[in-house]
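Peer 1: Starting off with a structure, shown below.
Each reported figure results from applying straightforward, stated rules to the coordinates on display, with no laboratory input. Fair warning: this is a prediction, and the values are worked out from it, not measured in the lab.
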Amino acid sequence: MGITKLESSGRLRIPALLGFVGDASYTIYLTHVSFEGLLLKVAMKLNRNQTIGYKPTFLLVFAGTVSVGCIACYLIERPMLGMLRQRMRRSTVVEATTV
């Protein structure tokens, strides 16, 4: 709560990348299990865990999972929310004019 207050007052500047990941956090939460499983299967097929080790493989899968979640947010969630907002505005305007 304190960091949020500092950010809103302008005393703390959050990097844009962290802000975007924060905005995409719900999409990442909803999709991470599926993407993580898929990326782990790909890593196993490529034998990455034996080639580069388990920790680097985990970090690559983790980064991939967050990245794909962010891409899903940008390509799916944001446009869908924009369309829903427009639809809500239109229905509010139509209701207001018919009264």
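Peer 1: Where does the chain land on Rg/Rh, using Cα atoms and the Kirkwood Rh?
Peer 2: Reported Rg/Rh, Kirkwood definition of Rh: 1.20.
Peer 1: Sticking with this structure for a sec: Summing -39500 (n - 2.57) over the DSSP H runs of n ≥ 4 in the chain and dividing by its residue number, what mean residue ellipticity at 222 nm do you reach, to the nearest 500 deg cm²/dmol?
Peer 2: Mean residue ellipticity, 222 nm, calculated: -26000 deg cm²/dmol.
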